[in-house]
Amino acid sequence: MATETLARRQRLVDEQNTVWQRMQEIMQTAETENRDLTAEERQNWDEAEARLTDVSGDLERLERMAQLSTVDRSQIVTTTDRGDDEEADAARYAEAFGQYLRYGLEGLQSEQRQLLQGGFNQFDRRAMGTTPDTAGGYLVPDTFLAAMTETMKAFGGLLNICQVITTADGGDLSWPTNDDTGNEGALLSENTQVPETNVTVGRRELGGYIFTSKLVKLSWKLMRDSAFNLEAWLPAKLGERIGRAAAGYLINGSGVKQPEGIVTQVRTGVTGGSGQTTSIIFDDMIDLEHSIDPAYRGPNCRWLMNDQTLKVLRKLKDGDQRPLWVPVPAPGFTATLNGYSYTIDNKMPVPAAGAKSIVFGDFQAGYVVRQVQTVSTIRLNERYADFLQSGFFGYAELDGMVDDAAAIAAYEHAAS
């Protein structure tokens with residue numbers, strides 16, 4: 001982060017802690033005197049809580065901006081372990097790609113066209129379900145891909161905490177699985193044959209579903225304006241759109257011709273009692289933590305929820321009247337709920353009857369996303385020529401599924 005951003009972050013952290021301390025003092029005064037809050041104290045508490053919400057939101061926005069700043073091409077560093085010739089080739093390809101975005105194929109020199117043709121990516125026959133024609137797109141250069149990937153992460157909290165596998169192409173990806181936790185060794189008596197228990201091996205499979213940014217139309221005048229940083233703006237815009245779409249499916253996808261969403265397949269660790277259609281109690285949070293086997297319940301565990309759910313949980317206290325939510329103590333640390341960090345993903349369900357509004361556990365073990373490295377973009381010249389515009393769209397391939405179901409569990413609100 002820039003110096004100004006770090007200073008602002010420090011100010012917000014300090015204010016957050018000051019406001020939180022003031023809220024604690026209001027409650028402690030009433031508890032010490034064994035009375036209810038006065039009208040003035042209630043007003044002061046409500047005003048402090050509103051300010052705390054604003055400050056906490058600003059802190060989260062700063063973190064998102066830190067991620068989004070990677071779309072600035074001047075801040076993107078390509079891989080450094082390549083030889084000088086490869087780096088030079090990559091630079092020439094990036095330059096040709098930028099020219100292609102602004103002027104189309106007609107604006108390229110012969111050598112630049114040949115470079116781009118080497119990175120032409122046709123739609124996958126299986127993914128489209130039809131025989132492809134010449135439709136496809138030019139693979140984006142490393143700088144473009146880095147910008148798009150980081151932008152996608154900024155719009156999907158789950159993608160930041162789960163296991164992500166990156167592959168070169170979109171073919172089906174299979175790997176073996178095994179759950180041997182129900183089997184134990186045995187005490188062997190003298191002259192007794194060793195008992196036999198077979199190991200059952202299963203298989204998981206990830207595909208590559210295509211997500212598109214939809215069309216972005218730009219005027220020729222704007223594209224050819226050297227003051228407009230098209231190479232930075234376009235990947236950010238396409239990445240935002242793809243990221244929002246993918247985030248929803250990684251949370252709520254059915255698994256039928258689309259990713260298997262974490263909420264769709266996660267097991268229920270705790271169900272709220274009757275009447276808890278929008279509320280959550282402290283005991284249920286503890287039960288949810290302990291619905292995860294101790295083998296997984298370590299430093300990698302965290303909470304995943306919608307921001308509206310966090311608003312409910314921030315008001316909870318333990319048996320000693322200590323808040324579960326602890327604010328950021330200092331820059332570099334994270335706010336926690338009952339000692340565990342949390343991630344906000346606003347594609348998660350909000351508290352409602354029958355909704356799984358919280359998932360807890362080790363997401364590195366519990367959920368896996370497969371991303372195909374080759375992100376592509378297409379420029380449409382003639383379709384909007386009568387408007388003096390060109391159209392662009394990007395597409396990326398990914399899939400996701402619950403991997404180790406024992407590693408994560410959900411809190412489900414009561415149905416009524």
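The values are calculated or read from the model by the stated rules, or taken from the named source; none is laboratory data. In this text the structure is predicted, and so the values were computed from the model without any measurement. Every residue, glycine among them, receives a Cβ derived from its backbone with ideal geometry; neighbour counts consider all protein chains shown.
With the requirement that a residue be in a helix (DSSP H, G or I) and more than 18 Å from ILE344 (Cα to Cα), what does the range 278-287 give you? Talk me through it step by step, then tell me what you get.
Here is the first cut: in the range 278-287, the ones in a helix (DSSP H, G or I) are 282-287.
PHE282, ASP283, ASP284, ILE286, ASP287, listed by residue number.
Could you go through the range 14-25 and let me know if any residue there is touching a helix residue (DSSP H, G or I) at 6+ places or on another chain (Cβ under 8 Å) and either surrounded by fewer than 14 Cβ atoms within 10 Å (Cβ to Cβ) or β-branched (Val, Ile, Thr) (or both).
Filtering the range 14-25 down to residues touching a helix residue (DSSP H, G or I) at 6+ places or on another chain (Cβ under 8 Å) leaves 15-16, 19-20, 22-23.
Right, trim to either surrounded by fewer than 14 Cβ atoms within 10 Å (Cβ to Cβ) or β-branched (Val, Ile, Thr) (or both) and you get 19.
For the range 14-25, residues touching a helix residue (DSSP H, G or I) at 6+ places or on another chain (Cβ under 8 Å) and either surrounded by fewer than 14 Cβ atoms within 10 Å (Cβ to Cβ) or β-branched (Val, Ile, Thr) (or both): present.
Show the residue pairs that are 6+ apart or on different chains and have beta-carbon atoms under 9 Å apart, the first residue being within the range 168-190 and under 25 Å from MET401 (Cβ atoms) and at pLDDT below 80, the second being basic (Lys, Arg) and not in a strand (DSSP E or B).
Once the first residue is under 25 Å from MET401 (Cβ atoms) and at pLDDT below 80 and sits in the range 168-190, its partners that are basic (Lys, Arg) and not in a strand (DSSP E or B) give GLY170/ARG126.
The rows are residues; the columns are (1) under 19 Å from LEU388 (Cβ atoms); (2) of a type outside the set (Gly, Ala, Ser).
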| site | (1), (2) |
| --- | --- |
| GLY185 | no, no |
| VAL199 | no, yes |
| GLY207 | no, no |
| LYS221 | yes, yes |
| LEU230 | yes, yes |
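Residues that are over 26 Å from the mean Cα position of the chain (by Cα), modelled with pLDDT under 75 and at negative phi, at least 3 per element: which helices (runs of 4 or more DSSP H) completely within the range 66-152 meet that? Show your work before the answer.
Working: elements: 84-103, 110-117, 125-128.
Result: 84-103.
Yes or no: VAL369 of a type outside the set (Phe, Trp, Tyr) and over 26 Å from ILE280 (Cα atoms)? Talk me through it step by step, then tell me what you get.
Numbers: of a type outside the set (Phe, Trp, Tyr): yes; over 26 Å from ILE280 (Cα atoms): yes.
In short, yes.
For the range 247-271, which residues satisfy the criterion of being assigned to a strand (DSSP E or B) and touching a helix residue (DSSP H, G or I) at 6+ places or on another chain (Cβ under 8 Å)? If you could, list the steps in order and put the result at the bottom.
Within the range 247-271, the first condition is being assigned to a strand (DSSP E or B), and the residues that meet it are 254, 260, 268-271.
Correct list: SER254, GLY269, VAL270.
Can you pull out every residue in the range 351-391 that is more than 24 Å from ASP180 (Cβ to Cβ), of a type outside the set (A, V, I, L, M) and either surrounded by 22 or more Cβ atoms within 10 Å (Cβ to Cβ) or within 22 Å of the chain's Cα centre (by Cα) (or both)? It would help to see each step written out before you state the result.
Looking only at the range 351-391, we keep the residues that are more than 24 Å from ASP180 (Cβ to Cβ), and these are 351-360, 369-391.
Now restrict to residues that are of a type outside the set (A, V, I, L, M): 351, 354, 356-357, 360, 370-371, 373-374, 376-377, 379, 381-384, 386-387, 389-391.
Scanning the range 351-391 gives PRO351, LYS356, SER357, PHE360, ARG370, GLN371, GLN373, THR374, SER376, THR377, SER390.
Which numbered condition in (1) buried (at least 16 other Cβ atoms within 10 Å of the Cβ); (2) under 25 Å from GLN24 (Cβ atoms); (3) of a type in the set (Ser, Thr, Tyr) is the only one that THR334 fails?
Every listed condition holds for THR334 apart from (1).
Among the candidates GLY269, GLY261, GLY298, GLY273, which residue alone is within 22 Å of the chain's Cα centre (by Cα) and either modelled with pLDDT of 95 or more or more than 16 Å from GLN364 (Cα to Cα) (or both)? Walk me through how you get there before you give the answer.
On the way: GLY269 fails: within 22 Å of the chain's Cα centre (by Cα); GLY298 fails: either modelled with pLDDT of 95 or more or more than 16 Å from GLN364 (Cα to Cα) (or both); GLY273 fails: within 22 Å of the chain's Cα centre (by Cα).
After applying the criteria, what remains is GLY261.
Could you please let me know if PHE333 is farther than 30 Å from VAL201 by Cα, among the aromatic types (Phe, Trp, Tyr) and in contact (Cβ under 8 Å) with a residue 60 or more places away in the chain? First the steps, then the outcome.
On the way: farther than 30 Å from VAL201 by Cα: yes; among the aromatic types (Phe, Trp, Tyr): yes; in contact (Cβ under 8 Å) with a residue 60 or more places away in the chain: no.
For PHE333, the condition - farther than 30 Å from VAL201 by Cα, among the aromatic types (Phe, Trp, Tyr) and in contact (Cβ under 8 Å) with a residue 60 or more places away in the chain - is not met.
So which residues in the range 197-218 are over 12 Å from PHE392 (Cβ atoms) and at pLDDT 85 or above, if there are any at all? Write out each step before concluding.
First pass over the range 197-218, keeping only residues over 12 Å from PHE392 (Cβ atoms): 197-211.
Hits for the range 197-218 are GLU205, LEU206, GLY207, GLY208, TYR209, ILE210, PHE211.
Please go through the range 211-221 and pick out each residue that is among the charged types (D, E, K, R) and outside any helix (DSSP H, G or I). Talk me through it step by step, then tell me what you get.
Here is the first cut: in the range 211-221, the ones among the charged types (D, E, K, R) are 214, 217, 221.
LYS214, LYS217, listed by residue number.
If I ask for residues that are in a helix (DSSP H, G or I) and either of a type in the set (Val, Ile, Thr) or in contact with a Leu (Cβ under 7 Å, 6 or more places away or on another chain) (or both), which ones from the range 222-246 would you list? Walk me through it before giving the result.
We begin by selecting, within the range 222-246, every residue in a helix (DSSP H, G or I); these are 222-223, 230-246.
Matches in the range 222-246: MET223, LEU230, GLU231, LEU234, ILE242, ALA246.
Could you count how many residues in the range 174-219 are closer than 30 Å to ASN381 by Cβ and not charged (D, E, K, R)?
So the first thing to find is which residues in the range 174-219 are closer than 30 Å to ASN381 by Cβ, and the list is 208-219.
From what's left, not charged (D, E, K, R): 208-213, 215-216, 218-219.
Adding up the residues that qualify gives 10.
For ASP283, indicate whether it is farther than 22 Å from ILE161 by Cβ, at pLDDT below 90 and either exposed (fewer than 15 other Cβ atoms within 10 Å of the Cβ) or among the aromatic types (Phe, Trp, Tyr) (or both). Even if it seems obvious, please write down each step before you answer.
On the way: farther than 22 Å from ILE161 by Cβ: yes; at pLDDT below 90: no; either exposed (fewer than 15 other Cβ atoms within 10 Å of the Cβ) or among the aromatic types (Phe, Trp, Tyr) (or both): yes.
No.
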